[in-house]
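Below: the structure, in structure tokens.
The values are calculated or read from the model by the stated rules, or taken from the named source; none is laboratory data. The model shown is predicted, which means the values in this text are computed figures rather than measured ones. FYI the Cβ positions are ideal-geometry reconstructions off the backbone, even for glycines, and counts take in every protein chain you see.
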Amino acid sequence: MKVLKNLLSNSLNIRTEKNFPIEGIEFIDINPLILQKETLKEITEKFVTELSGKRIDYIVAPEARGFLFGTSVAYGLNIGCVPVRKKGKMPPTTVATKFEYEKEYGKDVLELPKLVNEDYNEKNFYIIDDIYATGNTMKAIKEAIENLGGHVVGEGVVLNIVELNNNKELFSLIDVNEE
């Protein structure tokens with residue numbers, strides 16, 4: 001893995017796991033970044049600084065590690081956080097929409113929850129996740145939000161695997177190429 005950009009001041013302790021979660025995939029594990037309290041704090045602060053002053057009603061955070069960053073950034077911005085869960089993980093009475101998408105190693109079905117006392121129509125959402133590879137997770141979330149009348153005003157990740165996508169508008173803290 002070759003680091004192309006690093007906006008974090010601490011050293012990058014990122015692991016790779018060969019043949020995980022299936023044979024032929026090299027999984028990039030950013031858990032060491034989360035384990036370092038200074039780095040976790042810096043990640044949150046960098047996102048909050050980047051997003052301050054923008055009109056955002058909610059941070060949207062896909063499971064599982066998107067939750068970790070999305071909730072802390074939402075807290076820092078004093079706004080709500082919309083958890084995006086895998087199918088069947090939210091009560092059926094709260095599900096607003098379900099959508100299927102392709103990942104680099106399979107398919108997933110995600111669900112958006114209903115918002116409390118309002119709907120998605122005309123609200124502004126910013127999606128935060130841990131890693132951006134093919135971008136299919138964010139594309140599916142964005143499409144689902146827009147189908148509900150909401151606006152996705154931006155997308156951000158901790159780590160972007162540049163060679164797997166061509167998203168020039170994505171905010172990322174770390175850009176890498178797989179080598």
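Which of the numbered conditions does Thr71 fail, given that it passes all the others? Conditions: (1) modelled with pLDDT under 95; (2) among the β-branched types (Val, Ile, Thr); (3) in contact with a strand residue (DSSP E or B) (Cβ under 6 Å, 6 or more places away or on another chain).
Going through (1) modelled with pLDDT under 95; (2) among the β-branched types (Val, Ile, Thr); (3) in contact with a strand residue (DSSP E or B) (Cβ under 6 Å, 6 or more places away or on another chain) one by one, Thr71 breaks only (1).
Kindly provide the set of residues from region 110-150 that are over 15 Å from Pro83 (Cβ atoms), more than 15 Å from the chain's Cα centre (by Cα) and outside any loop (DSSP other than H, G, I, E, B), ordered by number.
Within region 110-150, Asn124, Glu146, Asn147 qualify.
May I ask you to verify whether Gly53 is at pLDDT below 85 and over 18 Å from the mean Cα position of the chain (by Cα)?
Answer is no for this residue.
Each row is one residue, and each column tells you yes or no for (1) at pLDDT below 85; (2) of a type outside the set (Val, Ile, Thr); (3) more than 18 Å from Asn160 (Cα to Cα).
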residue: Val3; (1), (2), (3): no, no, no
residue: Leu7; (1), (2), (3): no, yes, no
residue: Ser11; (1), (2), (3): yes, yes, no
residue: Lys18; (1), (2), (3): no, yes, yes
residue: Ile22; (1), (2), (3): yes, no, yes
residue: Ile25; (1), (2), (3): yes, no, no
residue: Ile30; (1), (2), (3): no, no, no
residue: Leu35; (1), (2), (3): no, yes, yes
residue: Thr39; (1), (2), (3): no, no, no
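Mind counting the residues in region 52-74 that are farther than 16 Å from Met138 by Cβ and either in contact with a helix residue (DSSP H, G or I) (Cβ under 6 Å, 6 or more places away or on another chain) or in contact (Cβ under 8 Å) with a residue 12 or more places away in the chain (or both)?
8
For Tyr101, all conditions in the list (1) at pLDDT 85 or above; (2) surrounded by fewer than 20 Cβ atoms within 10 Å (Cβ to Cβ); (3) under 17 Å from Glu155 (Cβ atoms) hold save one; what is the number of the exception?
Of everything listed in (1) at pLDDT 85 or above; (2) surrounded by fewer than 20 Cβ atoms within 10 Å (Cβ to Cβ); (3) under 17 Å from Glu155 (Cβ atoms), Tyr101 misses just condition (1).
Just give me the residues in region 1-23 being in a loop (DSSP other than H, G, I, E, B) and under 23 Å from Lys46 (Cβ atoms), in sequence order.
Of everything in region 1-23, those that are in a loop (DSSP other than H, G, I, E, B) and under 23 Å from Lys46 (Cβ atoms) turn out to be Met1, Leu7, Leu8, Ser9, Asn10, Ser11, Leu12, Asn13, Ile14.
Of the conditions (1) surrounded by fewer than 17 Cβ atoms within 10 Å (Cβ to Cβ); (2) modelled with pLDDT under 90, Glu111 fails just one. Which one is it?
With respect to (1) surrounded by fewer than 17 Cβ atoms within 10 Å (Cβ to Cβ); (2) modelled with pLDDT under 90, Glu111 is out only on (1).
Tally the residues that are among the polar types (S, T, N, Q) and either at pLDDT below 85 or loosely packed, with under 13 Cβ neighbours inside 10 Å (or both), restricting the search to region 114-138.
The qualifying residues number 2.
Can you tell me which residues in region 19-50 are surrounded by fewer than 15 Cβ atoms within 10 Å (Cβ to Cβ), of a type in the set (Asp, Glu) and touching a residue at least 40 places away in the same chain (Cβ under 8 Å)?
Glu26
The rows are residues; the columns are (1) surrounded by fewer than 16 Cβ atoms within 10 Å (Cβ to Cβ); (2) among the polar types (S, T, N, Q).
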| residue | (1), (2) |
| --- | --- |
| Val3 | yes, no |
| Asn6 | yes, yes |
| Arg15 | yes, no |
| Asp57 | no, no |
| Phe67 | no, no |
| Pro83 | no, no |
